[in-house]
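Written below as structure tokens is the structure these notes are about.
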Amino acid sequence: MAAAVPSNGDSRPNFHFKEGFKYLKPMALFEEKEVVKICAPMVRYSKHAFRKLVRRYKCDLAFTPMIISDSFVKSIKARDTEFTTSHDDRPLVVQFAAKNSDEFANATEIVAPYSDGVDLNCGCPQRWAMVEGYGACLINKPNLVSDMVSQAKRRVNKENFTVSIKIRIHKDIRDTVEMCRRAEKVGASFITVHGRTKEQRTQPVDLQAIQTIKQAVSIPVVANGDIRSLEDTHRVHEETQVDGVMAARGILANPAMYAGYNETPVECIKDWLDLSLSLGTSFNIFHHHLMFMLEHQLPRVERSVFNSLASTSAVLEFLSTNLGID
């Protein structure tokens, strides 16, 4: 059963993790697997039910959506709505957008009992985020990033709890390498690299830059950007020798991609119905995930009809009538 973290920041859980649930924590995954397959932090979309779904299809590690650390620490409502989990929602990394060390460390301390690590967002290129001091603007503040990592590590002295960063690259890759080396020096567990600058959107991912970073540090490096299939996973690993890959749009369109499916199989859609409805997922998120999954499976007219549906009952009726999914 899903539950939120304690509203008052109390370290005592308001739900119980079942004894005996076994899984590999993030650093053990990097040690044991040739390439770790990861679900990216996605605003609105990498929530509890979706994380549980992708793990059924060979996703090794899942991130929460990006959470604003300041409001998470200060607001009961934010803690109740932004982060829900369960005993089997593991391994799990919670991603925070933060602009100072206290915010990041405080948020880390709150979620540490219910997760396996935290990640600092240094890659969001949206204008609002950078104006507020979050996201990709942090790649130009390497001293601050290092201090944020260091403070979080000191605040949570918990074995195997990871503190990582997710970054975009600089125009001069030497600046990115220097930033990553500084983060490694203060204890960053691993680094995820989106192979574009903060100004780039649809340009090809710079795999050479990712490879350069991988060769420059000793901690695990994860490649992000344009991972849309299991084939892409193997290709990027072979070209860069990274320790993991992270998918966003690709896994939205096909949550079973890491299991080798070229499009979302019917069983995966059924699993989504079961998980999302049992966990009380909001209609908008429930519907939008199906829109992504069915985008390439429905003719244009049927897709237009499906996308305009306004209730759970209408969605279920459409799936039963048109796709035989009950």
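The values are calculated or read from the model by the stated rules, or taken from the named source; none is laboratory data. These figures come from a predicted structure and were not determined experimentally. Positions of Cβ are backbone-derived with ideal geometry, glycine not excepted, and every protein chain shown enters the neighbour counts. Ligands, DNA and RNA are excluded from the accessible area calculation, which covers all protein heavy atoms including side chains. Shrake-Rupley method; radii C 1.70, N 1.55, O 1.52, S 1.80 Å.
Mind listing just one residue for me: the one in the stretch 168-186 that is assigned to a loop (DSSP other than H, G, I, E, B) and of a type outside the set (V, I, T) and, of those, surrounded by the most Cβ atoms within 10 Å (Cβ to Cβ)? Steps first, please.
Kept after step one, since they are assigned to a loop (DSSP other than H, G, I, E, B), are these residues of the stretch 168-186: 169-172, 186.
Now narrow it down to the ones that are of a type outside the set (V, I, T): 170-172.
Values: H170: 17, K171: 10, D172: 9.
So the residue we want is H170.
Every residue in the stretch 110-131 that is open to solvent by 30 Å² or more (accessible area, probe 1.4 Å) and either without any contact (Cβ under 8 Å) to a residue 60 or more places away in the chain or hydroxyl-bearing (S, T, Y) (or both), please. Full working, then the answer.
Step one: of the stretch 110-131, the residues open to solvent by 30 Å² or more (accessible area, probe 1.4 Å) are 113, 126-128, 130-131.
The answer is Q126, R127, W128, V131.
For residues that are within 13 Å of H170 (Cβ to Cβ) and among the aliphatic types (A, V, I, L, M), scanning just the stretch 125-143, find the one that is nearest to the chain's Cα centre (by Cα).
The extreme case among them is A136.
State whether the residues of the stretch 228-237 include one that is modelled with pLDDT of 95 or more, surrounded by 23 or more Cβ atoms within 10 Å (Cβ to Cβ), of a type in the set (A, V, I, L, M) and over 30 Å from P142 (Cα atoms).
No - not one qualifying residue is present in the stretch 228-237.
Can you name the condition, by its number, that V266 falls short on among (1) touching a Ser or Thr at 6+ places or on another chain (Cβ under 9 Å); (2) more than 30 Å from Q208 (Cβ to Cβ)?
With (1) touching a Ser or Thr at 6+ places or on another chain (Cβ under 9 Å); (2) more than 30 Å from Q208 (Cβ to Cβ) applied to V266, the lone miss is (1).
Of all residues in the stretch 39-59 being free of Cβ contacts under 8 Å to residues at least 40 places away in the same chain and assigned to a loop (DSSP other than H, G, I, E, B), which is most open to solvent (accessible area, probe 1.4 Å)?
First pass over the stretch 39-59, keeping only residues free of Cβ contacts under 8 Å to residues at least 40 places away in the same chain: 43, 46, 55.
Subsequent filtering for residues that are assigned to a loop (DSSP other than H, G, I, E, B) retains 43, 46.
Details: V43: 70, S46: 0 Å².
My answer is V43.
Need the failing condition index for A62 against (1) in contact with a Phe, Trp or Tyr (Cβ under 7 Å, 6 or more places away or on another chain); (2) at pLDDT 95 or above; (3) closer than 20 Å to V156 by Cβ; (4) not acidic (D, E), just the number.
(1)
Within the stretch 187-203, is there a residue that is aliphatic (A, V, I, L, M) and either open to solvent by 80 Å² or more (accessible area, probe 1.4 Å) or part of a helix (DSSP H, G or I) (or both)?
Taking the stretch 187-203 and keeping what is aliphatic (A, V, I, L, M), we get 188, 191, 193.
Pick out the ones that are also either open to solvent by 80 Å² or more (accessible area, probe 1.4 Å) or part of a helix (DSSP H, G or I) (or both) and you get none.
Scanning the stretch 187-203 turns up no residue that is aliphatic (A, V, I, L, M) and either open to solvent by 80 Å² or more (accessible area, probe 1.4 Å) or part of a helix (DSSP H, G or I) (or both).
Of the residues that make up the stretch 244-262, is at least one over 30 Å from I210 (Cα atoms) and surrounded by fewer than 21 Cβ atoms within 10 Å (Cβ to Cβ)?
Looking only at the stretch 244-262, we keep the residues that are over 30 Å from I210 (Cα atoms), and these are none.
Scanning the stretch 244-262 turns up no residue that is over 30 Å from I210 (Cα atoms) and surrounded by fewer than 21 Cβ atoms within 10 Å (Cβ to Cβ).
Looking at the stretch 88-102, which of the residues that are of a type outside the set (G, A, S) and within 19 Å of C137 (Cβ to Cβ) is most open to solvent (accessible area, probe 1.4 Å)?
At the first step, the residues of the stretch 88-102 found to be of a type outside the set (G, A, S) are 88-96, 99-100, 102.
From what's left, within 19 Å of C137 (Cβ to Cβ): 95-96, 99-100, 102.
Values: Q95: 2, F96: 0, K99: 79, N100: 57, D102: 96 Å².
Per the stated criteria, the residue is D102.
Taking into account only those residues within the stretch 65-86 that are assigned to a helix (DSSP H, G or I) and in contact (Cβ under 8 Å) with a residue 40 or more places away in the chain, which is least open to solvent (accessible area, probe 1.4 Å)?
Start the filter on the stretch 65-86 by keeping residues that are assigned to a helix (DSSP H, G or I), which leaves 69-74, 76-82.
Retained after the next criterion (residues that are in contact (Cβ under 8 Å) with a residue 40 or more places away in the chain): 73, 76, 79-81.
Values: V73: 45, I76: 95, R79: 14, D80: 62, T81: 78 Å².
So, considering only residues that are assigned to a helix (DSSP H, G or I) and in contact (Cβ under 8 Å) with a residue 40 or more places away in the chain, the one least open to solvent (accessible area, probe 1.4 Å) is R79.
If we only count helices (runs of 4 or more DSSP H) wholly inside the stretch 271-324, which ones have 3 or more residues that are under 12 Å from F50 (Cα atoms)?
Counting at least 3 such residues, we get 283-294.
Would you confirm, using the coordinates I've provided, whether A105 is closer than 18 Å to E159 by Cα and surrounded by fewer than 22 Cβ atoms within 10 Å (Cβ to Cβ)?
Numbers: closer than 18 Å to E159 by Cα: yes; surrounded by fewer than 22 Cβ atoms within 10 Å (Cβ to Cβ): no.
No; evaluated as a whole, the condition is false for this residue.
Can you tell me how many residues in the stretch 263-304 are open to solvent by 70 Å² or more (accessible area, probe 1.4 Å) and polar (S, T, N, Q)?
Residues that pass the stated criteria total 3.
Within the set of pairs 6 or more residues apart or between chains, which connect a residue that is open to solvent by 10 Å² or more (accessible area, probe 1.4 Å) inside the stretch 148-164 to a residue that is acidic (D, E) with Cβ atoms less than 7 Å apart?
Between residues of the stretch 148-164 that are open to solvent by 10 Å² or more (accessible area, probe 1.4 Å) and residues that are acidic (D, E), the close pairs are R155/E109; V156/E109; F161/D116.
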